[in-house]
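The values are calculated or read from the model by the stated rules, or taken from the named source; none is laboratory data. Note that the structure is predicted; figures quoted are calculated from it, not measured. Cβ placement follows ideal geometry from the backbone for every residue including glycine, while neighbour counts extend to all protein chains displayed. Surface areas here come from the heavy atoms of the whole protein model, side chains and all, with no ligands, DNA or RNA. Shrake-Rupley method; radii C 1.70, N 1.55, O 1.52, S 1.80 Å.
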Amino acid sequence: MQSSNFIRQKGNYEELICYKKSMCIYDVTYYFTHKYLNKGDRTIDQMIQAARSGKQNIVEGCSASTTSSEMEIKLLNVAKASLQELLEDYKDYLRVRGLQLWSESSEKHEQARRVCAKHNEPEYYQSAIKERSDETIANIAIILIHQTDYLIKRYFDYIKQDFLESGGIKEEMTRARIQWRKDH
């Protein structure tokens, strides 16, 4: 007999590493913009809003996932796009100030990449960035954004596979109704 709770509960965004990393990105960006950009610079609000949008659209997409894979994918794509916008802001910051964007082959990049892959707790970054230069913090943020982007892409693959295997809400509702009719 089909359960009356036929709708699969999804959307536990707090368990997603991409969400945890997006929280770290938000915290790093908040600190960075208030520490290194001039008060009144519109870029402060733009960078913080892009970081916030990256995080919040993961939340909203996962929350919508119970009834709409399409909405989940659309909102996760907004999160991805917002983080790409933020990525460009960090690259611009480094470029216009003549600071170094670490190449992927550099020792600094590789060391930071390993540390960022290991740490998904905002508290770690809140503490660690206070001892770092603007160049280092911007590069750390860039690495975190790349890692989060990769994780969102992998999550898209999971959503697609889950949809292929289980279908969407309309199919679940139809299956549940057919089963109910059989049982009654």
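Looking only at the stretch 82-124, filter to residues that are within 25 Å of Ala64 (Cβ to Cβ) and open to solvent by 60 Å² or more (accessible area, probe 1.4 Å); which one of those is nearest to the chain's Cα centre (by Cα)?
Ranking the qualifying residues of the stretch 82-124, first place goes to Gln84.
How many residues, within the stretch 30-42, are open to solvent by 40 Å² or more (accessible area, probe 1.4 Å) and either in a helix (DSSP H, G or I) or of a type outside the set (S, T, N, Q) (or both)?
Residues of the stretch 30-42 that are open to solvent by 40 Å² or more (accessible area, probe 1.4 Å), as a first pass: 30-31, 34-36, 38-42.
With the extra rule that they be either in a helix (DSSP H, G or I) or of a type outside the set (S, T, N, Q) (or both), the set shrinks to 30-31, 34-36, 39-42.
Final tally of qualifying residues: 9.
Helices (runs of 4 or more DSSP H) wholly in the stretch 79-178 with at least 2 residues that are of a type in the set (A, V, I, L, M, F, W, C) - which ones?
Answer list for the stretch 79-178: 107-118, 134-166.
Look at Glu110 and say whether it is acidic (Asp, Glu) and farther than 24 Å from Phe156 by Cβ. Full working, then the answer.
Working: acidic (Asp, Glu): yes; farther than 24 Å from Phe156 by Cβ: yes.
Taking the combined requirement at face value, the residue satisfies it.
Identify all residues within the stretch 68-84 that are over 24 Å from Gln46 (Cα atoms) and among the aliphatic types (A, V, I, L, M); write none if there are none.
Hit for the stretch 68-84 is Met71, nothing else.
Would you please list the contacts, defined by Cβ atoms under 7 Å and residues six or more apart or on different chains, that run from a residue in the stretch 79-107 that is on the phi < 0 side of the Ramachandran plot and among the hydrophobic types (A, V, I, L, M, F, W, C) to a residue that is part of a helix (DSSP H, G or I) and open to solvent by 90 Å² or more (accessible area, probe 1.4 Å)?
The qualifying pairs are Trp102/Lys108.
So which residues in the stretch 116-166 are touching a residue at least 12 places away in the same chain (Cβ under 8 Å) and aromatic (Phe, Trp, Tyr)?
Those that are touching a residue at least 12 places away in the same chain (Cβ under 8 Å) and aromatic (Phe, Trp, Tyr): Tyr124, Tyr125, Tyr155, Phe156, Phe163.
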